[in-house]
1. Residues that are open to solvent by 10 Å² or more (accessible area, probe 1.4 Å) and in contact with a helix residue (DSSP H, G or I) (Cβ under 9 Å, 6 or more places away or on another chain), at least 2 per element: which helices (runs of 4 or more DSSP H) completely within region 475-591 meet that?
2. What number of residues within region 243-281 satisfy the criterion of being farther than 30 Å from His294 by Cα, open to solvent by less than 80 Å² (accessible area, probe 1.4 Å) and of a type in the set (D, E, K, R)?
3. How about region 255-271: which of its residues are hydrophobic (A, V, I, L, M, F, W, C) and either in contact with an Asp or Glu (Cβ under 9 Å, 6 or more places away or on another chain) or more than 14 Å from Gln190 (Cβ to Cβ) (or both)?
4. Read through the list (1) open to solvent by 40 Å² or more (accessible area, probe 1.4 Å); (2) under 24 Å from the mean Cα position of the chain (by Cα), then give the number of the only condition that Asn208 fails.
5. What number goes with the only condition from (1) open to solvent by 60 Å² or more (accessible area, probe 1.4 Å); (2) within 22 Å of Arg84 (Cα to Cα); (3) assigned to a loop (DSSP other than H, G, I, E, B) that Leu368 does not pass?
6. Given the condition within 21 Å of His639 (Cβ to Cβ), open to solvent by 20 Å² or more (accessible area, probe 1.4 Å) and within 16 Å of ligand 2 (Cβ to nearest atom), answer yes or no: does some residue in region 416-425 qualify?
7. Being touching a strand residue (DSSP E or B) at 6+ places or on another chain (Cβ under 7 Å), within 14 Å of ligand 2 (Cβ to nearest atom) and either part of a helix (DSSP H, G or I) or β-branched (Val, Ile, Thr) (or both), is that true of even one residue in region 594-604?
8. Which pairs do you get when a residue that is open to solvent by 40 Å² or more (accessible area, probe 1.4 Å), found in region 633-656, comes within reach of a residue that is modelled with pLDDT under 85, reach meaning Cβ atoms under 6 angstrom, with the pair 6+ apart or on two chains?
Amino acid sequence: MAASPLYRRLLAGTDEDIDIEVPEDVRSAGITEQAWQADGGKRKQLAIMETPKEMAAGIAALPPARDRAEVDTVGDDDPHFSFRRFVWRHRTALGLGLFLVLLDAVATAAGPYFSREGIDNGVLNGSGAALMLSAGVFFAVVLGDLAVSVAMTLVNGRTGERLLMALKVRVFKRLLRLPVSFYDREMVGQVMTRMTTDTDSFSSLLQNGLLQAAASVLTFTGVLVAMGVMNIELTGVAALVLIPFVLATTVFRRLARGSYVQARERISDVNAGLQESLSGVRESQAFGQQGRRHSEFKRLTRGYLDARMKSQRLISAYFPFLEFLSDLGAALVLGAGYFLIGRNELTPGELIAFVLYLGLFFSPIQQLSGVFDDWQQARVSMQRINDLLAEPDLTPTAAPAIHPGRLTGRIVLGDLWFRYPGVDTDVLRGVDLAVEAGETVALIGETGAGKSTVVKMLARFYDPDRGSVTIDGFDLRKLDPQEFRRQLGYVPQEAFLFPGTIRDNIAYGRPEATDAEVEAAARAIGAHEFVAKLPGGYLHEIGERGGSLSAGQRQLLCLARAQLVDPVLLLLDEATANLDLATESVVSAAMSTLAEGRTTILVAHRLQTARAADRIVVMDAGRVVAVGTHEQLLADSDHYARLWQAFAVTPASRPA
Ligand SMILES: Nc1ncnc2c1ncn2[C@@H]1O[C@H](COP(=O)(O)OP(=O)(O)OP(=O)(O)O)[C@@H](O)[C@H]1O
Ligand SMILES: [Mg+2]
C-alpha cells in the first residue's frame with residue numbers, strides 16, 4: 001500500500017474526477033486517423049463506399065447472367081415444412097430430368113434390337129447393305145444418346161445442387177431462429193451434422209436416386225416386354241434367377257436398415273466430440289488430458305467404423321451375389337438358346353440380342369438397390385431435418401405483434417416464475433420488481449441466485465412460466481421481437497466476439513454505423529485507448545472468439561457494441577467483472593453520463609459496482625429479498641449487511 005501507487009489504484013479504484021476528453025482532431029474529423037490504419041490496405045477495402053470507376057465499367061461490360069440466381073427459398077416462412085412440397089416446387093426441372101432419363105433408357109434398350117437386325121438380316125443373309133443400315137441407324141442412336149446423357153447429367157446435377165442449397169438455407173434460417181433453450185440442450189457438433197451430412201444425403205437421393213429409380217423401373221419393364229415378345233421360353237429361363245434375386249434383396253433390405261440408422265447417429269457423435277474437444281483444446285492441454293481426449297475420440301470413431309463395417313459386410317455379400325446371378329442367368333440363357341436354335345425356334349441374332357438384353361435386365365435392378373441404399377440413408381436424414389424444422393418455437397409471439405415504436409424503458413416483473421426446460425426446480429420463484437424508465441438497477445446475490453436468469457427473461461430468451469415481464473406496460477410476449485431487440489443492449493456473462501475486425505465487432509448490432517460512430521462508442525466506454533494501440537487499430541483482425549485479446553478488453557468491446565445501438569434497455573450481466581477497479585470506474589462514469597433516458601439493469605458481484613446504481617436489488621434463491629440504496633439496505637437488510645460485511649473485509653476496498 002505504501003510503495004506502489006498502481007497497487008493502491010487496483011485495490012481501491014480511482015478517486016479522480018473522470019472526464020472523457022475528446023481531442024481536437026476527433027471533433028472535426030469524427031475519427032482518429034492513426035487508429036484506423038490497417039496494414040495491407042484493409043482500410044481501403046472496407047471503406048469502399050462507391051464502386052471505383054474502372055470496376056463499374058468492368059461490371060457494365062459483363063455479359064448478361066445466363067442462370068437465375070434466385071434459388072428457391074420461397075415459402076421459407078411456412079412453419080409446416082414438408083419434403084413433398086419442397087420437392088414439388090422444383091417439379092419443372094425434375095420433370096425435364098425425368099424426360100431425359102427416359103430418352104436415355106429408350107436409346108439404351110434399342111442397342112440389342114439393332115444388333116439382332118444386323119445379324120439376322122445382314123450377317124446370316126450375307127447382305128452388306130442390311131448390315132450397314134442397321135449399324136448406321138444404331139450409330140445415329142448412340143450419337144443422339146451421347147447428347148442426351150450430357151444434358152441429363154447437367155440438368156439433374158443442377159437440380160440436385162439447387163435443392164441442396166435451398167434446403168441448407170432453409171435449415172440455417174431455422175437454426176438462427178431456434179430458441180436459446182435449444183442450444184442449451186443440443187451439441188453444436190450434432191447440429192453441424194444435420195446441416196452437412198443430412199442435407200447432402202437428401203440431395204444425393206434426389207440427384208442420383210429418384211430419377212435413376214424411375215428409369216430403372218421403366219427399363220426393366222421395357223426389356224422384359226421386348227424379351228417376352230422375342231421368345232417366351234427363354235424369358236422364362238431368365239426369370240428363374242429373379243426368384244433368388246428378390247429374396248436376397250428383401251433380406252439385405254431388412255438387415256441394412258438398422259445399421260444405417262446406427263451409422264448416422266454415430267457420425268454425429270463423432271462430430272460433436274470433435275467440436276467439443278477443439279473448443280476445449282486449451283483446457284485439455286493445461287490439464288494434460290490430450291491422451292484421454294485422444295482415446296475418447298478413437299472410441300467414437302471406432303463406434304462409427306463398426307456401424308459402417310456392419311453395412312459394408314452386408315454390401316460385400318449382396319452385390320457380388322447379384323453379379324453372380326446375372327452371370328448365371330446369361331449361362332442358362334445360352335444353354336437353352338442352343339437347344340432352341342437347334343429346333344429352329346430361335347435365330348442366332350435373337351440369341352445374341354437376348355444375352356445383350358439380359359445385361360440390361362439385371363442392371364436396373366442393381367441400380368434400384370443402390371437407390372434403395374441412398375433412400376435408406378436419406379430417410380433417416382429427412383426425419384432428422386424434419387425434426388429440426390418442426391422444433392417448436394418456445395417464445396412465440398402473439399399475432400398480431402405490437403409495434404411499440406421507441407420505448408421509454410419502464411419495466412415491471414410481476415410475480416415471475418420460471419424453470420429451465422427439462423429441469424424440475426424453479427429458478428425464479430415469484431420475482432416482483434418495478435424499474436422506472438431511465439433508472440439504473442443493480443442485481444446482486446449469491447452464485448446461482450437467478451440474476452442471469454432474470455436478465456435472460458428481460459432479453460426474452462425465455463418466456464415466464466407464470467407472471468409476466470412488461471416494458472412500458474407491454475407484455476414482452478406481445479411485442480414484435482425484432483423491434484424490441486433493436487432497442488435492447490445486451491452484454492452477456494460470457495462475452496462473445498466474432499472473427500473479424502474490431503470495427504465489425506463493435507458495429508455488430510448496427511453494421512451501417514459510420515466509423516465515427518464506432519469510434520465514439522468505443523471512446524464512450526473507454527475502449528479507444530487500447531484499440532488505438534493494436535496493430536491496425538479498429539481494423540485489427542481478432543481471432544476466433546477474440547482469443548487474442550484479454551478478457552477485460554473483450555468486455556470493453558462488448559460494452560461498446562451495446563453502447564453503439566443506443567438501447568432503451570441496457571442489460572449488463574457481470575459486464576465489468578473482468579475490468580480492474582480503475583478501468584471499471586471510468587466505464588461506469590462514462591456509461592452513466594450516456595445512460596440518460598436509458599434503463600440499465602446490471603448484475604454485479606462486486607458490491608462496489610452495485611453501489612453506483614440508483615437502487616440495488618438483492619436476490620436470493622429465485623426471489624427478490626430486498627430493494628433499496630446502499631445505505632437503506634445496510635440499515636434494513638440483514639442479508640445485504642452480511643454480503644457487504646464479507647465484501648468489505650479489506651478496509652482499502654471500502655471507499656470512504
Ligand atoms: N440453461 C440452463 N438450464 C438449466 N438450468 C440452468 C440454466 N442456466 C442456469 N440454470 C440454473 O439456474 C440457476 C440460476 O442460474 P443463474 O445463471 O441465473 O445464476 P446467477 O445468479 O446468474 O449466478 P452467477 O452469479 O454465478 O452468475 C442455477 O442454479 C443454475 O444451475
Ligand atoms: Mg450469472
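1. Those helices (runs of 4 or more DSSP H) span 502-506, 515-524, 528-533, 551-564.
2. 0
3. Residues satisfying the conditions are Leu255, Ala256, Val261, Ala263.
4. (2)
5. All conditions pass for Leu368, except number (3).
6. no
7. Of all residues in region 594-604, those touching a strand residue (DSSP E or B) at 6+ places or on another chain (Cβ under 7 Å) come to 595, 598-604.
From what is left, the residues that are within 14 Å of ligand 2 (Cβ to nearest atom) are 601-604.
If we keep only those that are either part of a helix (DSSP H, G or I) or β-branched (Val, Ile, Thr) (or both) too, we end up with 601, 603.
Looking through region 594-604, at least one residue is touching a strand residue (DSSP E or B) at 6+ places or on another chain (Cβ under 7 Å), within 14 Å of ligand 2 (Cβ to nearest atom) and either part of a helix (DSSP H, G or I) or β-branched (Val, Ile, Thr) (or both).
8. Note: pairs meeting the criteria are Phe647/Leu607; Arg654/Ala648.
The values are calculated or read from the model by the stated rules, or taken from the named source; none is laboratory data. Treat the numbers as computed from the prediction; the structure is a model and nothing was measured. Note: ideal-geometry Cβ built from the backbone for every residue, glycine included; neighbour counts use all protein chains shown. Surface accessibility is based on the protein's heavy atoms, side chains included, excluding ligands, DNA and RNA. Shrake-Rupley method; radii C 1.70, N 1.55, O 1.52, S 1.80 Å.
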